[in-house]
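Written out below as structure tokens is the structure these notes cover.
Rule-based calculations on the coordinates, nothing more; no lab input. Source: prediction; values computed, not measured. With ideal geometry, Cβ positions are generated from the backbone for all residues, glycine too; neighbour counts draw on all protein chains shown.
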Amino acid sequence: MKRLVRIIPTIFLGLLVATASAKTADWEEISLASDGLVDENGQLLDSGGNILRDQNQQALVPSCASDLYGPFRFFVQAGDSNKLLILHDGGGACWEDKTCSVPFDVLPPPNGIYDRTISEFVDEEGHLFFAPGTPARGILDSDSSSNPLKSWTKIFIPYCTGDVGWG
């Protein structure tokens, strides 16, 4: 797990080097498969194309709680390459069978435990939306003159796994 914790930021930062050189207010949706970060089986790759494995030698496969809802993806907005904001989406967590199975199918958030889908998307004009009619605001809104981080390069990482993370 420690290896994964060290590798994932490297992947995101490496991707930023490729995208942060052009300054733009548009968000880009990054799919791990289409951008060459995973192989044809969905296994996570390092920069040399080697399959990344956990301490038990199991291949790392980034995904949401269910593959039924499509591959995992995240969002990048290029800006000042010397200033980086990484925002992890908040979410609930499941602890045992009761909270990891039925509740999120029967009662979607905010009533259920968590949502196993990624509902965020980028529209045709390059704006990030959290749901139809709900654009990204606050520190993610680069059009707002009151946003002190509007010119920063930003990465938004959605939550759809049901796991617990902090750092």
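Protection proxy ranking, highest mean first, for peptides 122-130, 76-84: 76-84, 122-130, where packing is the per-residue count of other beta-carbon atoms within 10 Å, averaged.
Modelled spin-label separation between VAL164 and ALA93, with each label point placed 7 Å from Cα along the Cα-to-Cβ direction: 0.4 nm. Applied to segment 140-153, the Karplus parametrisation 6.51 cos²θ - 1.76 cosθ + 1.60 on θ = phi - 60° returns per-residue 3J(HN,Hα) values of 8, 8, 7, 8, 7, 5, 8, 8, x, 10, 4, 8, 6, 6 Hz, with x for Gly and Pro. Site pair ILE51 and PHE129 shows an inter-label distance of 3.8 nm when each label is modelled 7 Å from Cα along Cα→Cβ. Segment LEU84..SER119, full-extension length gain: 10.2 nm, with 0.36 nm per residue of separation and the alpha-carbon distance subtracted.
Annotation: peptides 42-54, 144-156, ranked by per-residue average of other Cβ atoms within 10 Å with the highest first, follow the order 144-156, 42-54.
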